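> One structure is given below, represented as structure tokens, and several questions about it will come after.
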């Protein structure tokens, strides 16, 4: 299958009452250069938790915006791509159809799914909805991230094409394992076995197995 893609990039901006962010993306057209750290011209504000080799690109399914607009009709005009700061937007690909480790061809490049996006508190400020990050996590409408395993020229005219499937763990299952289930060592082991899983998620799952408990996500979700 081939999936036409819309592409977005953005610069870090200051926001009153919140930390700097590059969530405000704009659509680009034509040929672009994709490096191992992402699209040329795109930025991330806090590189400890955003960006880097395992999180070079963010993908958000366009059809999720219909759900959010229905849930928040007074803010419906906010819910269109790239409101969640995504780089890539498609229709017909969701967390249920995409697997950890999937490799897609995009123009000259190859990109690999590494983890679900981990929603953070900046989304609460961006939308003016105090628990948006938590709602994304609860619904599983999080999107996912890629590493670039072969850099090169890409184009908004080039579709994404799945060329390899390396695990049996969907992004939706990874989200459920991490955030919707009680402690389950067997499921953590299953997720750890997924080829291509990011270093960050590998670390988190292994720390759970060692400690025997689930970490507190309140700082990520609410900034405190």
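> Restricting attention to segment 167-191, which residues are farther than 26 Å from residue 127 by Cβ and crowded, with 16+ Cβ neighbours inside 10 Å? Steps first, answer last, please.
Filtering segment 167-191 down to residues farther than 26 Å from residue 127 by Cβ leaves 167-170, 173, 177, 181-191.
Answer for segment 167-191, where residues must be farther than 26 Å from residue 127 by Cβ and crowded, with 16+ Cβ neighbours inside 10 Å: 167, 169, 170, 173, 177, 187, 188, 190, 191.
> What single numbered condition from (1) at pLDDT 95 or above; (2) touching a strand residue (DSSP E or B) at 6+ places or on another chain (Cβ under 6 Å) fails to hold for residue 122?
Result: residue 122 fails condition (1) only.
> Okay, moving on. Given the conditions (1) part of a strand (DSSP E or B); (2) free of Cβ contacts under 8 Å to residues at least 60 places away in the same chain; (3) within 13 Å of the chain's Cα centre (by Cα), which single one is not true for residue 114?
Going through the list (1) part of a strand (DSSP E or B); (2) free of Cβ contacts under 8 Å to residues at least 60 places away in the same chain; (3) within 13 Å of the chain's Cα centre (by Cα), residue 114 breaks only (2).
> If you don't mind, there's one more thing I want to ask. Please determine, by comparing only the residues of segment 21-30 that are surrounded by 13 or more Cβ atoms within 10 Å (Cβ to Cβ) and farther than 15 Å from residue 60 by Cβ, which one is farthest from the chain's Cα centre (by Cα).
28
> Condition (residue is surrounded by 14 or more Cβ atoms within 10 Å (Cβ to Cβ) and without any contact (Cβ under 8 Å) to a residue 12 or more places away in the chain) applied to segment 55-64: is it met by at least one residue?
No; the residues of segment 55-64 include none that is surrounded by 14 or more Cβ atoms within 10 Å (Cβ to Cβ) and without any contact (Cβ under 8 Å) to a residue 12 or more places away in the chain.
> For segment 65-82, give me each residue that is touching a residue at least 24 places away in the same chain (Cβ under 8 Å) and in a loop (DSSP other than H, G, I, E, B).
72, 81, 82 - these are the residues of segment 65-82 that are touching a residue at least 24 places away in the same chain (Cβ under 8 Å) and in a loop (DSSP other than H, G, I, E, B).
> Residues 51, 85: which one is under 12 Å from the mean Cα position of the chain (by Cα), free of Cβ contacts under 8 Å to residues at least 40 places away in the same chain and surrounded by 20 or more Cβ atoms within 10 Å (Cβ to Cβ)?
Details: 85 fails: free of Cβ contacts under 8 Å to residues at least 40 places away in the same chain.
On inspection, the qualifying residue turns out to be 51.
> Based on this model, can you work out whether residue 133 counts as surrounded by 17 or more Cβ atoms within 10 Å (Cβ to Cβ) and within 21 Å of residue 25 (Cβ to Cβ)?
yes
> Just the residues that are modelled with pLDDT of 95 or more, assigned to a loop (DSSP other than H, G, I, E, B) and either within 27 Å of residue 131 (Cα to Cα) or touching a strand residue (DSSP E or B) at 6+ places or on another chain (Cβ under 9 Å) (or both), please, taken from segment 196-224.
Selection gives 196, 197, 198, 213, 214, 215, 216, 217.
> With the structure loaded, tell me whether residue 95 is farther than 20 Å from residue 129 by Cβ, part of a loop (DSSP other than H, G, I, E, B) and touching a residue at least 40 places away in the same chain (Cβ under 8 Å) or whether it fails that test.
Answer is yes for this residue.
The values are calculated or read from the model by the stated rules, or taken from the named source; none is laboratory data. Predicted model only: the values in this text are computed from it and were never measured. Don't worry about glycine lacking a Cβ; one is built from the backbone with ideal geometry, like all the others, and counts go over all protein chains shown.
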